[in-house]
Each structure stands twice: as structure tokens, then as C-alpha cells.
Amino acid sequence: MMRGISGSTAAAELEGLRPWADQAGPISVRERERRIEQARRLMAASGADALLIGAGASLRYFAGVPWGASERLVAMLLPRAGDPIMICPNFELGTLEADLVVPADIRLWEEDESPSALVADALRELGAATLAVDPAMAFLLVDRIRKAAPGVALVDGPAIVDGCRMVKSPAELALMRQAKAMTLEVQRRAALILREGITATEVRRFIDEAHRALGASGSSFCIVQFGRSTAFPHGLPGESVLHEGDMVLIDTGCLVEGYHSDITRSYVFGAADDEQRGIWSLEQEAQQAAFDAARPGVPCEDVDAAARRVLERAGLGPGYRLPGLPHRTGHGIGLSIHEPAYLVKGDRTPLAPGMCFSNEPMIVVPDRFGIRLEDHFHVTEEGAAWFTEPSPSIDAPFG
């Protein structure tokens, strides 16, 4: 058996976990105010008179309100000057006041009233001719606002929203570093509980309980794959049972103050054969090549190309053909688990210090097995820096 695989139990590993000692601090009100000022600078540059942010990750980013989107309009209307205007159902006022961390003019609507009319009225008061809209807002809500304010030009707002959120502050990096360190510790302990016949469901249950024991609100997601299932990037339906010689792929994460981790480890339960060893080493090389290519000013697509060159030299691919890499090399991460920019051909966004990405150039051998090593890095002035150290070898995947 490989080093660090099997030999313990779920009960023993959970018993050894305590709430995370080195807690990162929450995002300050002053930082949220700076985010709003940055959004206003980007609004001015794009010619927008106001910005509309719907419930979801961006509302949390700017206002501290951690609500998910629904069919009810909850939104922040940000003018170029003055307090933001919060549009909210009247029955949610108490909860909104408890969550909201920036000064705002709160405007309420009853269930038989139109929140779109409230937005239109506010736009008229502001004299706004152009409204930039959160790119994550549902078309249904945006269309209702368009009809309620026919004299206002609605434009897509990613240049403003993503322009703020793509570059992380030191406080954001600290929260992400904690989340990723917690998940790597959970990954290490999950490997120790593996045994012949264990089910993927048992491992997922342990991972969720372990994240909670460390102080997270459980796992934000969890993919556990054994054997042939690992050849499908997000697995197959039904239960998986672990057998000797199976490739194991575990991809999971948690949340700390809304910021995501997302780490994948792949290794063999038992002794790895020559093919598994060879593909694992190629995966490691491709991941390192992507990391080495990341530096300020480099287009995102060049990082993806660096990983693919390693695989193509070894006879895999080309492009998305299998055996090879069937998806992008990485994605941005922060308050959303997948967010702009993306390490993929066609995304020419230049890398800048503070941008954060997954690095996961998965290799799939069709109908046999797949190997994904996923760690995350943030861009620095000099190049890139890992949040978590990559897996060192197939024989000792956790060192």
C-alpha cells in the first residue's frame, strides 16, 4: 500500500480534528467601501450611470449580504455617487438589516407589488440613462426591469463586476489560503480511511464531517470516484465501491467566509501499474508547466497551452481529444467556485497580481481511468505562488 493510504478509520480521524487554529479575519467594512469605489471608477470608464447587483456572490462581495438568488428581486443599485439603494421584499427587512454591512437606502416591496418599478423609480431619480447589470442576474429579472424602465439602456456589466472581483486583496487571499489548507488536511485524512469495499458515499460523509470539525459549514461539494469512474471528469451515477488496484480521485472543497477551496487528489489504492505511474507523472509535469507559465501580463490561454504542450509531446491529444485533457486547465476562484477569468484557449485576459486560479490539467484514458491533480495559485509580481503544495508523488501523494 502506498504511503499515507489506508490504515485508519473515520472515527479515529474525526477524533483528531479540532476547529482551525489560524483563523483568517473577515472582510472589513472599509474593504467593502473600497470595492464600491473601484466599481464606481469602472462605471465611469465604461459610461454607466448605475450598476445593478443581484443576490448572489457579487452582492456578498460588495454589501456583505450572503443571499442566494431566487425569483424574488433582491438587489443593490449602485449610483456613481451617494449611498447604494437596496431593493428588498418587506418581509426580509430584518434579515437584510442583520446582514448588510455598508450604508444604504433600503427600499421595500410587498408581495403584490413590482420590485422592477422600484428600480425604475430609482433610476429616474438618479437621472440614469445607462444601467450596467450584474452578468449573473437571471434574464427574467433583467427583462422585467427593461420593461419597467424603457428609457434606460441596459448593458452587460462584467467589465465592472469582474473587474473588481478578479483581483483579490490580501484579506481575500488569507481566507482562501485557510479554506484550501483545511481541505488539503481533510483530503489527507480521507486517504487514511480507505479500505477494500468502502463506498464513495462513506467517504463523502467523512469528508463533510471532517470539514465541519475544522470549522467549515460542511463541504461545498464532494466528488469521490473509484476505478473506471475516474475516467469521467465528474464521475458516473450510482454507488462506487473501492477495490485493490483502483485509481482514486477525490475532488472537494469548503467555504470560509464565503471563499472557496477546491482541491483534487488522485492516487492508487494498492500498487500502481506502469500505465498509472506514467500518466500520473505526465499529469504532474503538465500541472507544473501551467504554474511556470503564469506571470503578470501573460494571457490566460497561454497557461492552458503550456499544459497541453507537455501532453502532446507525450502523444496525448491534441486539443481535447482522448486520451488527453478534455477540459480547460483551470478557472478563477473566489466567492464563486468557478469565476472569470479562465485558463482556456480563447481567454486572452492578461494575468495580474492578485488573480487566483485552479490548476488541474486532468488526463483521461477513456473507459480506464483518469488522473486530476488540482491545486490553486495566485499571481504575484514575480510569477505565481501556490496556496497548497502539489502532490509530490504517486507513492506518497501527501508527502
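The values are calculated or read from the model by the stated rules, or taken from the named source; none is laboratory data. What you see is a predicted model, and the numbers here were worked out from it, not measured in a lab. Using ideal geometry, Cβ is built from the backbone for each residue, glycine included, and neighbour counts are taken over all protein chains shown. These area figures cover heavy atoms from the full protein model, side chains too; ligands, DNA and RNA do not enter into them. Shrake-Rupley method; radii C 1.70, N 1.55, O 1.52, S 1.80 Å.
What's the number of the only condition in (1) in contact with a helix residue (DSSP H, G or I) (Cβ under 7 Å, 6 or more places away or on another chain); (2) open to solvent by less than 30 Å² (accessible area, probe 1.4 Å); (3) within 25 Å of Pro66 (Cα to Cα) that Arg265 fails to meet?
Among (1) in contact with a helix residue (DSSP H, G or I) (Cβ under 7 Å, 6 or more places away or on another chain); (2) open to solvent by less than 30 Å² (accessible area, probe 1.4 Å); (3) within 25 Å of Pro66 (Cα to Cα), Arg265 violates only (3).
When the residues of region 324-351 are filtered to those that are β-branched (Val, Ile, Thr) and open to solvent by 10 Å² or more (accessible area, probe 1.4 Å), which remaining residue is farthest from the chain's Cα centre (by Cα)?
Residue satisfying both the conditions and the ranking: Thr349.
State whether one or more residues within region 297-315 are among the aliphatic types (A, V, I, L, M), assigned to a loop (DSSP other than H, G, I, E, B), within 28 Å of Arg3 (Cβ to Cβ) and open to solvent by 20 Å² or more (accessible area, probe 1.4 Å).
Within region 297-315, one or more residues are among the aliphatic types (A, V, I, L, M), assigned to a loop (DSSP other than H, G, I, E, B), within 28 Å of Arg3 (Cβ to Cβ) and open to solvent by 20 Å² or more (accessible area, probe 1.4 Å).
Which one is surrounded by the fewest Cβ atoms within 10 Å (Cβ to Cβ) among residues in region 201-225 that are out of contact with any Cys (no Cβ under 7 Å at 6 or more places or on another chain) and within 25 Å of Arg328 (Cβ to Cβ)?
Per the stated criteria, the residue is Phe221.
Do we have Pro115 as of a type outside the set (A, V, I, L, M, F, W, C), more than 30 Å from Arg212 (Cα to Cα) and open to solvent by 30 Å² or more (accessible area, probe 1.4 Å) here?
Against the criterion (of a type outside the set (A, V, I, L, M, F, W, C), more than 30 Å from Arg212 (Cα to Cα) and open to solvent by 30 Å² or more (accessible area, probe 1.4 Å)), Pro115 does not qualify.
Only one of (1) under 16 Å from Ala12 (Cα atoms); (2) open to solvent by 30 Å² or more (accessible area, probe 1.4 Å); (3) part of a helix (DSSP H, G or I) is not met by Gln187, so which one is it?
(2)
Within region 359-399, take every residue that is under 15 Å from Ile263 (Cβ atoms) and part of a strand (DSSP E or B) and give me the one that is most open to solvent (accessible area, probe 1.4 Å).
Trp386
Let me spell it out: the conditions are (1) surrounded by fewer than 17 Cβ atoms within 10 Å (Cβ to Cβ); (2) modelled with pLDDT under 95, and Pro26 meets all of them except one. Which number is the exception?
Checking Pro26 against (1) surrounded by fewer than 17 Cβ atoms within 10 Å (Cβ to Cβ); (2) modelled with pLDDT under 95, the one that fails is (2).
What number of residues within region 129-158 satisfy the criterion of being free of Cβ contacts under 8 Å to residues at least 60 places away in the same chain, in a loop (DSSP other than H, G, I, E, B) and over 13 Å from Ser58 (Cβ atoms)?
Residues flagged as free of Cβ contacts under 8 Å to residues at least 60 places away in the same chain, in a loop (DSSP other than H, G, I, E, B) and over 13 Å from Ser58 (Cβ atoms) within region 129-158 amount to 4.
Of the conditions (1) more than 30 Å from Phe62 (Cβ to Cβ); (2) of a type outside the set (Asp, Glu); (3) open to solvent by 20 Å² or more (accessible area, probe 1.4 Å); (4) over 19 Å from the mean Cα position of the chain (by Cα), Phe291 satisfies every one except a single condition; which number is it?
It is condition (4) that Phe291 fails.
Give Ser6, Ser58 a once-over and let me know the one that is open to solvent by less than 50 Å² (accessible area, probe 1.4 Å), in a helix (DSSP H, G or I) and in contact (Cβ under 8 Å) with a residue 40 or more places away in the chain.
Sole residue among the options that is open to solvent by less than 50 Å² (accessible area, probe 1.4 Å), in a helix (DSSP H, G or I) and in contact (Cβ under 8 Å) with a residue 40 or more places away in the chain: Ser58.
A quick yes/no check of all residues on (1) without any contact (Cβ under 8 Å) to a residue 60 or more places away in the chain; (2) touching an Asp or Glu at 6+ places or on another chain (Cβ under 6 Å); (3) part of a loop (DSSP other than H, G, I, E, B); (4) surrounded by fewer than 18 Cβ atoms within 10 Å (Cβ to Cβ):
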position: Glu33; (1), (2), (3), (4): no, no, no, yes
position: Leu51; (1), (2), (3), (4): no, no, no, no
position: Glu71; (1), (2), (3), (4): no, no, yes, yes
position: Met76; (1), (2), (3), (4): yes, no, no, no
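Out of region 226-235, which residues are open to solvent by 50 Å² or more (accessible area, probe 1.4 Å), assigned to a loop (DSSP other than H, G, I, E, B) and either among the small types (Gly, Ala, Ser) or at pLDDT 95 or above (or both)?
Within region 226-235, Phe232 is the sole residue that qualifies.
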